[in-house]
1. Angle, helix B:54-66 long axis vs. longest principal axis of chain B, Cα atoms, 0 to 90°, nearest 10?
2. Using Stokes-Einstein with the Kirkwood hydrodynamic radius over Cα pairs, what translational diffusion coefficient do you get for the range A:3-84 at 20 °C and a viscosity of 1.002 mPa s, in µm²/s rounded to a whole number?
3. What's the average, rounded to a whole number, of partner chain beta-carbon atoms within 10 Å of each residue's beta-carbon in B:115-126?
4. With Cβ to Cβ distances under 13 Å as the rule, what net charge do the other residues near A:LYS46 carry (K, R +1; D, E -1)?
5. Does the range B:93-146 classify as rounded, prolate or oblate by the C-alpha gyration tensor (a ≥ b ≥ c root eigenvalues; a/c under 1.5 gives rounded; else a/b over b/c gives prolate, otherwise oblate)?
6. If you restrict to DSSP beta bridges whose two residues both lie in chain B, what percentage is antiparallel, to the nearest 5?
7. Determine the calculated [θ] at 222 nm for chain B from helices alone, applying -39500 (n - 2.57) to every DSSP H run no shorter than 4 residues and normalising by the residue count; nearest 500 deg cm²/dmol.
8. Would you tell me the mean number of C-beta atoms belonging to other protein chains that fall within 10 Å of each C-beta in B:41-54, as a whole number?
Protein chains: 2
Amino acid sequence: MDLNYLMDTLRSNGYKITEQRKAILQVLSDNSSSLVSVEQLLCEAKELNKKTNITTIYRNLEIFEKLDLLYRFVTEYGVALYKLACRESSHHHHIICKSCGKTEVIDFCPIDTFKHLSEDKNFNLTDHKLELYGYCDKCQYKKKVKI
Amino acid sequence: MDLNYLMDTLRSNGYKITEQRKAILQVLSDNSSSLVSVEQLLCEAKELNKKTNITTIYRNLEIFEKLDLLYRFVTEYGVALYKLACRESSHHHHIICKSCGKTEVIDFCPIDTFKHLSEDKNFNLTDHKLELYGYCDKCQYKKKVKI
DNA sequence: ATTCATGCAAATGTTTTGCATGAGC
DNA sequence: GCTCATGCAAAACATTTGCATGAAT
């Protein structure tokens, strides 16, 4: 994901470009192929800018999310994980590696299959959530669960 | 869901049947068609047994979950919601009302559709999560979001 | 110069834990 | 009587907020 696009979006929405913001965006960008926790984000952002503070992380994640720059995901244990949102992203689902957190986008959506089922149940279907879990290429033989 | 079955399961696993446990199970049973939060559970359990304590709720939810009596669900805001697990439950998904939390089971699973997609991506697929959201029969015209 | 962003500390909310007491078998 | 379950208080986390200071425009 393009850092310039991210910063332009911030600027055009009246947000200033600070060193901390740059560091956070850089970390998110470096990890754009997997989901990162706040803890990991803080840790890696500190490497880029020692001054980065946890409060700043939280405040910025909220902003990035509001601007649709960030995809927020909550694991079944209630832990929030983040990943930059694809700019061109239309509706899609993810396949997530349970070991390293790597995510891939799956364009196919099976939701139409459920349309008639929900009608049968008199549910007015508005949203859905589908996530596939497994082990990616590299992790298939070490299967150490991190998420 | 049958309270006797629940208590038998507890007993046969070495757990005692206390008034608090009965109250918690009763509340879960009364709400078996929707997801309840810990807060709601505490509130309703207190009506049945004033002595019921939040710590006891947490400890028991953990036990029930471990015995597969309870289905635990985490919303996108990280809030845990619970519902008794169906005894005969095989693999299935849920359709969840965003207003009242009512849930219905959907037996159909589209996961086979993704088998070849995950192979293309060299992902060894092990789990998945699918939830449908909408408004049930009764809530379609009041659409007040609670979950 | 003005406004927004940050850091610190404190507050909040949720869940967990230690320990003494009490209830179930 | 023994064991497990409970209640209380405190601890452990994750996240949010108030406020004064500092950086970006």
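Just so it is clear, none of the values below were taken in a lab; they were calculated from the coordinates. Note that the structure is predicted; figures quoted are calculated from it, not measured. Here the Cβ is made from the backbone with ideal geometry for all residues, glycine too, and neighbour counts use every protein chain on show.
1. 50 degrees
2. The estimated diffusion coefficient comes to 169 µm²/s.
3. Per residue, the average neighbour count from other chains is 6.
4. Details: positive: A:LYS50, A:LYS51; negative: A:GLU19, A:GLU39, A:GLU44, A:GLU47.
Around A:LYS46, the charge tally is -2.
5. Cα axes put the range B:93-146 in the prolate bin.
6. Around 75 percent antiparallel, to the nearest 5.
7. -11500 deg cm²/dmol
8. Neighbouring Cβ atoms belonging to other protein chains average 0 per residue here.
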